[in-house]
Amino acid sequence: MQTQGFHHVAIICSNYEKSKHFYVEILGFPVIQETFRAARNSYKLDLKVGEHDAIELFSFPHPPQRPGSPEACGLRHLSFAVADLAQAIADLQSQNIEVEPIRLDNITGKRFTFFKDPDGLPLEIYEA
């Protein structure tokens with residue numbers, strides 16, 4: 001199989017309006033399309049991330065909680081490339097988003113850090 005890259009990442013949130021505000025207003029991802037699916041009582045919000053990437057933000061009535069352990073099986077975290085890590089951290093902190101201390105990737109020598117979305121999903125910003 002020959003892939004051409006990621007098409008999208010799907011996220012299920014517990015509070016649609018809170019998560020929509022976080023991803024659109026705080027992280028600044030432009031809305032591609034917002035759809036209410038009446039049969040599922042669910043929203044699907046398509047967000048543009050970079051040139052060719054997207055996030056699908058879903059709401060469902062009463063979704064199960066994410067496993068609490070950071071090393072649970074499954075998706076570990078999402079990572080976003082940023083040109084200026086210090087500025088990205090300052091932008092997040094100005095919105096009262098708690099950001100972990102900066103770490104150094106021992107393999108690449110690049111700096112990165114983590115923060116969480118409204119449902120506790122670990123998000124990483126990685127200095128490109």
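Where a number appears in this text, it was derived from the coordinates with a stated rule and is not lab data. Fair warning: this is a prediction, and the values are worked out from it, not measured in the lab. No Cβ is skipped: glycine too gets one built from the backbone with ideal geometry, and neighbour counts run over all protein chains shown.
A few comments on the model shown:
- Dipole orientation for segment 1-62: of the candidates LEU47, TYR16, GLN4, TYR16 has the Cα lying most toward the positive pole (charges on Cβ; Lys, Arg +1; Asp, Glu -1).
- Set of lysines near LYS116 by C-alpha distance (under 17 Å), chain-local residues within fewer than 8 positions excluded: LYS18, LYS20
- Look at the dipole of segment 76-128 built from charges on Cβ: of LEU123, GLN93, GLY109, the Cα furthest out on the positive end belongs to GLY109.
- Residues in segment 12-31 that a label on ARG40 would reach, taking backbone N under 12 Å of a point 7 Å out along Cα→Cβ: 12-13
- Spacing of the modelled spin labels on ALA86 and HIS52, each 7 Å from Cα toward Cβ, amounts to 3.3 nm.
- FRET efficiency estimate (nearest 0.05) - Cβ-Cβ, LEU75 to LEU104, R0 22 angstrom: 0.40
- Per-residue [θ]222 nm for the chain (sum of -39500 (n - 2.57) over DSSP H runs n ≥ 4, rounded to 500): -3000 deg cm²/dmol
- For the chain, the longest principal axis of the alpha carbon atoms and the long axis of helix 85-94 meet at an angle near 50°.
- Size of electric dipole in segment 1-62: Cβ of Lys, Arg +1 and of Asp, Glu -1, about Cα centre, debye, nearest 20: 240 debye
- Unit charges on C-beta of K, R, D, E only; dipole of the chain, Debye: 360 debye
- Taking every C-alpha pair closer than 8 Å and separated by at least 6 residues, the mean separation divided by the residue count of segment 76-128 gives a relative contact order of 45 percent.
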